[in-house]
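Below you'll find the structure, written out as structure tokens, and then a few comments.
The values are calculated or read from the model by the stated rules, or taken from the named source; none is laboratory data. Source: prediction; values computed, not measured. A quick note on method: Cβ atoms are made from the backbone with ideal geometry, for glycine too, and the neighbour counts reach across all protein chains shown. Quick note on the areas: whole protein, heavy atoms, side chains included, nothing else; ligands and nucleic acids left out. Shrake-Rupley method; radii C 1.70, N 1.55, O 1.52, S 1.80 Å.
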Amino acid sequence: NMSMLNKNSVFAIFMRLALIIVFFTPVVNATEITDLMSHHLQAPFNEEIEMIKVRYAPGEKSEPHRHRAHTLVYMLEGTVEMQVEGGELVRLVAGDTFYESPEDIHLVSRNASEESDAAFLVIFIKSQGAKTVIPLNELDG
């Protein structure tokens with residue numbers, strides 16, 4: 001029963017597995033796993049986890065939106081600027097993390113460079129079948 005498990009432990013295990021899947025390269029005599037981000041979930045653990053890789057071309061950006069998910073971002077390469085409503089604009093580079101709650105409106109997500117691509121890993125923890133990205137003009141409140 002998922003509700004009986006310690007949510008932080010399940011989340012920590014998931015993050016380690018995600019890192020192994022994304023970054024594993026065969027290395028003799030060494031495997032390094034680094035805890036990157038941990039965030040206490042206020043609600044019961046959701047039913048579905050989705051992981052995507054996003055690549056922005058130089059100068060590319062997304063329109064304001066909401067995810068209706070606990071959203072974890074890990075920067076892989078380049079520089080991205082992100083901001084949620086009520087939060088400060090942050091500049092992320094490789095190795096940085098960013099968190100959005102299901103209630104956040106993601107106002108800014110853009111490649112800060114006009115010359116280089118930027119890429120980041122996104123992990124969504126959400127209700128089964130929930131839409132991943134909801135444009136601002138489709139929000140019901």
Note, S109: beta-carbon cut-off 15 Å, +1 each Lys/Arg, -1 each Asp/Glu, net -3
Tell me the GluC sites (Glu not before Pro) within the stretch 79-141 that lie in a loop according to DSSP and have at most 16 other beta-carbon atoms within 10 Å. E85, E88, E103, E114, E115
Carbon-plus-sulfur fraction of the accessible area of the stretch 52-97, 1.4 Å probe, in percent? 46
For the stretch 42-138, which trypsin sites (Lys or Arg not before Pro) are both in a DSSP coil and crowded by at most 13 other Cβ atoms within 10 Å? K131
Using the basic label-point model (7 angstrom from Cα toward the beta carbon), what is the L136 to E60 distance in nanometres? 2.1
